[in-house]
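Scroll down for the structure; my scribbles are underneath it.
The values are calculated or read from the model by the stated rules, or taken from the named source; none is laboratory data. Bear in mind the structure is a predicted one, so any value in this text is a computation, not a measurement. All Cβ positions, even for glycine, are placed from backbone atoms using ideal geometry, and neighbour counts span all protein chains on display. When the accessible area is computed, the model is the full protein with side chains, heavy atoms only, and any ligands, DNA or RNA have been set aside. Shrake-Rupley method; radii C 1.70, N 1.55, O 1.52, S 1.80 Å.
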Amino acid sequence: MADKGFPVNITKRLGEMLVSSSLITAEQLNEVLEFQRASGGRIGQILIHKKYITERRLLEFLSKQFGIEFVEVGAKEIPDDLIKIIPENIARRHTLIAVEKKDNVLKVAMEDPLNIVVLDDLKMMTGFEIRAVFGAETEISAAIDKYYGTKTSKEALDEILKKTDGGLTEVSLVPEDARKGGGDDINSLEDKGEAAPIVQMVNLIIASAIRAHASDIHIEPTYKETRVRFRIDGVLHAQPAPPKKFHNAIISRLKIMSTLDISERRLPQDGRSKLRIEDREIDLRVSILPCGPGEKVVMRILDSSGLKLRIEDLGMEPENQAVFLKCMRAPHGVNLITGPTGSGKSTTLYSALASLNGPDVNIVTIEDPIEYQLEGINQVGVNTDVGLTFASGLRSFLRQDPDIIMVGEIRDFETMSIAINAAMTGHLVFSTLHTNDAPGAITRIGMMGVEPFLTSSTLLMVVAQRLVRTICKECRETYEVKPELLKGLNASDAIIENNTKGGKIYLHRGRGCEKCANTGYKGRLGIHEILEVNDVIRGLIIEKAHVSMIKDAARKNGMITLRESAVRKLFTGHTTVEEVIRVTASDVD
């Protein structure tokens, strides 16, 4: 609701102002404050929930108090060219929608028009001056659903039935379906899971995701409906979904495909399935989680046919690639790749191993799970049920005469300690950590309990990485942006000056077309921050220096930060201001 981003002194006074204006009573305010203290929430939201004031009346009051226009979003017809200016994920995240454009001013209806951070981001990513106005949250949400294309359950089912009637690309299991489990209603669940319409629905969802180059499929229940979303280029997109009544049958079908217990609905389950579609074999990693309204499933799509394993395809700047190749080819030591889930760490590791692979090299890996099979490399999957962990597997590797070892993830002191000992005895080790940036990995290792002298003597480099969406080549367009707007991205004066022509800077964005599902993006590219451990960094590690000192020293030595790497791709026309803001944090502490 509208009071969520207001300064503290304003939110405290909101109730008093409403009482003094006779819009609510003092007794109602006291009741709301008691409710807020007990359950949390925002004053305006609680007032509306308790029906002490309508959303419209509250917004009209706030509009008058702050001198900000109130717009009836539901009464407006918004043209498509206006909708395309602000991406759907931004509109939904901040509950806002563009309602009018005049000259270089974009009028945006917002749940919270006083949120300066969002206004600045909108200004940078659109190139327009932003005029924020109040809009009812319910009306804005309805407009987002209307103009960004969300379908009703009936429309979604009609589309699914139309596609299945017209023939569907065959999706078959490899090998045959396997089943396990038990319970009173096991036969009923199996029958529902194998009913022809359910099989067709599941096949359609999976085939559509693969054709859309999605990395994940989310099928999740709400209390009113089933929601289907695909993660495409790192962002979730709503898809046509079947009615809620089919939800349990769809989950049962997916359990059958993944050899999971179809009668178990109380505990999380993880499984795998191999499919054949359009002469390609696809691996599905399936995770099922019990939620309040029902079971949610997330499927990770592993398609080795689309895997690129050339270092040149990772998107590294020349300086970064030179450091990466140097440390990757060292005779011994530890190389770490860091970043959140879905940031491309596995692709970077596989690219390095594929480059190093040869008949004269013994490479072994331990992964959880094995995402892609690499010819000529010995890959082992973690199996905690029988005691095969990262640490135990790594310990066994040292008796297999390896030259290069890859550990899927270092999570604890034991694994880190064995990896460092392996590096000290002449092995080259690759692994991953979960940290926000490259210097932070050194702090993380210290928190695990590893002595600084061991870290300094074995660590070769730390690569922090993210993936930014790339602009669709089919609908790419150029637009002008004022140089001062780029200061908010921490773009250096030098890079701004180098890209300024006649006092103007031109950037690129995607208009949206059929090829990119009207998102303006197609594909992703890596941005990287590579910290090379030289003598200066080793000294700071020994001294247990603060991470900020390590970062400053690394930047003086030529380290490009994640934000700087993203800004470079902005000026080369690969990505957009919105992506730079979405994916990277400011370099200014």
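For this structure, a couple of remarks:
- Annotation note: GluC sites (Glu not before Pro) in region 493-589 located in DSSP loop regions with a Cβ neighbour count of at most 16 within 10 Å are GLU543.
- Shape category assigned to region 292-445 from the gyration tensor of Cα positions, a/c cut at 1.5: rounded
- Residues whose amide H comes within less than 5 Å of that of LYS107, counting only those at least five positions distant or on another chain, are VAL99, GLU100, LYS101, LYS102, ARG131 (H built at 1.01 Å from N in the peptide plane).
- Shown for region 233-308: the carbon plus sulfur share of the solvent-accessible area, taken with all protein chains present and a 1.4 angstrom probe, equals 47%.
- Rel. contact order, % - alpha carbon contacts under 8 angstrom, at least six apart, region 386-502: 19
- Length-normalised contact order for the chain - Cα pairs under 8 Å, 6+ apart - percent: 10
- Sum of side-chain charges, LEU122 neighbourhood, beta-carbon under 11 Å (Lys, Arg +1; Asp, Glu -1): -2
- Surface per residue (accessible, 1.4 Å probe) for the chain, Å²: 48
- Neighbour-limited loop hits for trypsin sites (Lys or Arg not before Pro), region 480-589 (at most 16 other Cβ within 10 Å; DSSP other than H, G, I, E, B): ARG511, LYS544
- 15 Å beta-carbon shell around THR455, net charge (K/R +1, D/E -1): -1
- Helical contribution to [θ] at 222 nm, DSSP H n ≥ 4, -39,500 (n - 2.57), averaged over the chain, rounded to 500: -11500 deg cm²/dmol
- Eigen-decomposition of the gyration tensor built on the alpha-carbon atoms of region 458-569 gives equivalent ellipsoid semi-axes of 35, 19, 9 angstrom, largest listed first.
- Each other residue within a Cβ distance under 9 Å of TYR521 adds +1 if Lys or Arg and -1 if Asp or Glu, for a net charge of +1.
- Remark on the chain: ratio of C-alpha radius of gyration to 2.2 N^0.38 Å is 1.09.
- Of all DSSP beta bridges in region 449-546, antiparallel share, percent nearest 5: 100
- For region 221-325, applying the loop criterion from DSSP together with a ceiling of 12 other beta carbons within 10 Å to the GluC sites (Glu not before Pro) yields GLU278.
- A viscosity of 1.002 mPa s and a temperature of 20 °C, combined with the Kirkwood radius over C-alpha pairs in the Stokes-Einstein formula, give region 509-559 a diffusion coefficient of 154 µm²/s.
- Global form of region 404-446, assessed from the alpha-carbon gyration tensor, a/c cut-off 1.5: prolate
- With all pairs of separate Cα atoms included, region 233-342 yields a Kirkwood hydrodynamic radius of 17.8 Å.
- Overall shape: oblate for region 443-524, with the ratio a/c of the largest to smallest alpha carbon gyration tensor axis at 1.5 or above and b/c at least equal to a/b.
- Cut-off under 5 Å, modelled amide H: who pairs with LEU459 long-range: VAL334
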